[in-house]
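The values are calculated or read from the model by the stated rules, or taken from the named source; none is laboratory data. From a predicted model like this one, the values you see are computed outputs, not experimental measurements. In this analysis, Cβ positions are derived from the backbone assuming ideal geometry, glycine residues included, and neighbour counts consider all displayed protein chains.
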Amino acid sequence: MSSTLAKIVEIKAKMTWTQKNKATAHHLGLLKAHLAKLHRELITPKGGGGGGPGEGFDVAGACSPSYSGG
């Protein structure tokens, strides 16, 4: 978690140091996106494991597509 906080501080420092003009707009946008991703990681902790047994959809039977129209 501390490495995430360090990355956030580093990105914020880059954003304040970078000039704001048309040439750097794309770079600043990428930094903002990366910053939002790191904030999201802090807010929602990574849960271990995907769905266990009994979760999700039950798939049974055959599927046959039908087309109507002309």
Residues of the stretch 27-48 being charged (D, E, K, R) and without any contact (Cβ under 8 Å) to a residue 12 or more places away in the chain, in sequence order, are LYS37, ARG40, LYS46
Residue pairs qualifying under the 9 Å Cβ cut-off, at least six apart or on distinct chains, with the first in the stretch 7-26 being surrounded by fewer than 12 Cβ atoms within 10 Å (Cβ to Cβ) and the second being in a helix (DSSP H, G or I), are LYS20/LEU28
Considering the stretch 37-70, residues that are surrounded by 10 or more Cβ atoms within 10 Å (Cβ to Cβ) and among the hydrophobic types (A, V, I, L, M, F, W, C), and then whichever is modelled with the highest pLDDT, we arrive at LEU38
